[in-house]
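K.L.:
Have a look at this one.
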Amino acid sequence: MILVTGATGTVGRELVRCLPADVPLRLMTRDPSRVGDVPAEAEVVGGDYADPDSLARALRGVRGAFLVTSRPGSEDDAAFLSAARAAGVARIVKLSAAAVADPGADDLITRVQRDNERLLRESGIAWTLLRPRAFMSNRLSWAASVRAEGVVRALLGDAPNASVDPRDIAAVAARALTEEGHEGRVHALTGPEALSAVEQTAQLAEVLGVPLRFEELGWDEARAQLLRRYPARVAEALLSSARRQAEGAKARVEQTVQEITGRPARSFRTWAGDHAGAFAPAAAEVTAEA
Ligand SMILES: NC(=O)c1ccc[n+]([C@@H]2O[C@H](COP(=O)([O-])OP(=O)(O)OC[C@H]3O[C@@H](n4cnc5c(N)ncnc54)[C@H](OP(=O)(O)O)[C@@H]3O)[C@@H](O)[C@H]2O)c1
């Protein structure tokens, strides 16, 4: 039995789609009623890192687990690992982050990921670490202004990032959970090229067939935007991470997706094409404006 935590999240949802159909599968979420599109044979279980009994239930009979945590300052990883040890879990594949390997990255989120990686390595359970660069899906945060105004507003127009399609992270996770040979390995995951926000905007415009304008945000504007979505310490961590991008620390391209899955990592253009609907004005709005 494989347990997928974060099964309603960006990567976990894709992982559920790409695990082989004959693998017994259990999806964990705090609210099972919110899980859509579950493979017929999969179980859905209620589980919360803050509730040890729910973790014990979720982990009963589980051999391999995909671990996603995202709350800095929580004990989520420690709680999960303790329950996993008690349940006899043999293998954990953890979603971490590429910045962990950057000696110049010292923001809160990266420090927490480093600590959590250490907990897993010291857990006695066979581990695999996935360290993705920025998810291409972060660009969905551009959708509202693209739809409404044909404008992308972002920090750092020219700084490159080798961002990765979450479907490729999921494909590597599926291999690591179901094949031998991934234990004790760190998989650094990127897309096929490093693009700046200006270059991504140009590709998105081509894919959508509409002109888009890029407006670069200053640091204060970016901070104000982040503070509308995140607590202050998380917003500061994201700004600090952006500074590493400005310094060129996020441009390196890895071949891991190709090496592990046997096919090239998806490009931003492909991701944008597959998500064009999110950026296109709704049919009703187009008609109303015509
Ligand atoms: N975005 C990026 O560019 C990027 C880059 C590198 C690494 N990462 C890392 O990727 C991870 C986030 O992955 P993601 O984007 O796939 O996730 P996500 O879309 O942010 O979803 C978070 C998931 O965590 C689950 N969750 C939240 N609180 C929980 C709790 N108390 N107990 C159990 N489950 C809980 C949620 O499930 P329910 O709400 O259904 O319970 C949800 O499925 C983070 O560790 C982040 O640092 C992100």
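The values are calculated or read from the model by the stated rules, or taken from the named source; none is laboratory data. As the structure is a prediction and not an experimental result, all values here were calculated from the model. Here the Cβ positions follow ideal geometry from the backbone for every residue, glycine too, while neighbour counts run over all protein chains shown. To get the accessible areas, we keep the full protein, side chains included, count just its heavy atoms, and leave off ligands, DNA and RNA. Shrake-Rupley method; radii C 1.70, N 1.55, O 1.52, S 1.80 Å.
K.L.:
So what J values fall out for the range 193-210 if you push phi through Karplus, 6.51 cos²θ - 1.76 cosθ + 1.60 with θ = phi - 60°, rounded to Hz, Gly and Pro as x?
P.N.:
Once θ is set to phi - 60°, the couplings for the range 193-210 become 7, 8, 10, 8, 5, 5, 5, 5, 4, 5, 5, 4, 4, 5, 5, 7, x, 9 Hz.
K.L.:
What do you get for Rg/Rh over the range 74-201 if you use C-alpha atoms and the Kirkwood form of Rh?
P.N.:
1.05
K.L.:
Please list, in order along the range 45-60, the HN-Hα scalar couplings obtained from phi with the Karplus expression 6.51 cos²θ - 1.76 cosθ + 1.60 (θ = phi - 60°), rounded to whole Hz, x for Gly and Pro.
P.N.:
Whole-Hz 3J(HN,Hα) from phi for the range 45-60: 10, x, x, 9, 4, 7, 10, x, 5, 5, 5, 4, 5, 5, 9, 4.
K.L.:
Semi-axes of the range 124-195's equivalent ellipsoid from the Cα gyration tensor, sqrt of 5 times each eigenvalue, largest first, rounded to whole Å?
P.N.:
Square roots of five times the eigenvalues give 32, 13, 9 Å.
K.L.:
Could you grab the relative contact order for the range 148-267? Cα pairs under 8 Å, six or more apart, rounded to a whole percent.
P.N.:
Dividing the mean separation by the residue count of the range 148-267 yields 46 percent.
K.L.:
Right, something else. Where in the range 1-34 are there trypsin sites (Lys or Arg not before Pro) that are in a DSSP coil and have at most 13 other Cβ atoms within 10 angstrom of their Cβ?
P.N.:
On the way: sites: R13, R17, R26, R30, R34; in loops: R30.
Hits after loop and neighbour filter: R30.
K.L.:
State, to one decimal in nm², a quarter of the convex hull surface area for the C-alpha atoms of the chain, i.e. the direction-averaged projected area.
P.N.:
For the Cα atoms of the chain, the hull's average projected area reads 15.7 nm².
K.L.:
With unit charges on the beta carbon (Lys/Arg positive, Asp/Glu negative), name the residue among L189, V210, A224 whose Cα is farthest towards the positive pole of the charge dipole of the range 185-228.
P.N.:
About the Cα centre, the residue reaching furthest to the positive side is L189.
K.L.:
Per residue, what accessible area does the chain have, given a 1.4 Å probe and all protein chains present, in Å²?
P.N.:
So the chain comes to 47 Å² accessible per residue, rounded to a whole number.
K.L.:
Exactly which GluC sites (Glu not before Pro) in the range 105-189 are in a DSSP loop and have at most 11 other Cβ atoms within 10 Å? List each step's numbers first, then the result.
P.N.:
Details: sites: E117, E122, E149, E179, E180, E183; in loops: E122, E179, E180, E183.
Here the sparse-neighbourhood loop sites are E122, E179, E180.
K.L.:
For the range 163-218, what number results from the quotient of the Cα radius of gyration and 2.2 N^0.38 Å?
P.N.:
Ratio of Cα Rg to 2.2 N^0.38 Å: 1.65.
K.L.:
State the antiparallel share, in %, of DSSP beta bridges confined to the chain, rounding to the nearest 5.
P.N.:
About 5 percent, rounded to the nearest 5.
K.L.:
Round to a whole number: what % of the accessible area of the chain belongs to carbon and sulfur, probe 1.4 Å?
P.N.:
Carbon and sulfur: 49 percent of the exposed surface of the chain.
K.L.:
Which ³J(HN,Hα) values in Hz, rounded to whole numbers, follow from the phi angles of the range 241-249 under the Karplus curve 6.51 cos²θ - 1.76 cosθ + 1.60, where θ = phi - 60° and Gly and Pro get x?
P.N.:
Result, rounded to whole Hz: 5, 5, 4, 5, 5, 4, 7, x, 7.
K.L.:
For H187, what residues show an amide H to amide H distance below 5 Å, using hydrogens built from the backbone and excluding near sequence neighbours?
P.N.:
Amide H to amide H, under 5 Å and 5 or more residues apart or across chains, H187 pairs with L129, L130, R131.
K.L.:
A follow-up question, please. Nearest 20 debye, what's the magnitude of the dipole of the range 39-122 about its Cα centre given +1 on Lys and Arg Cβ and -1 on Asp and Glu Cβ?
P.N.:
Here the range 39-122 has a charge dipole of around 340 debye.
K.L.:
Another question, if that's okay. Using the scaling law 2.2 N^0.38 Å as the reference, what is the normalised Cα Rg of the range 176-290?
P.N.:
For the range 176-290, the normalised Cα radius of gyration is 1.39.
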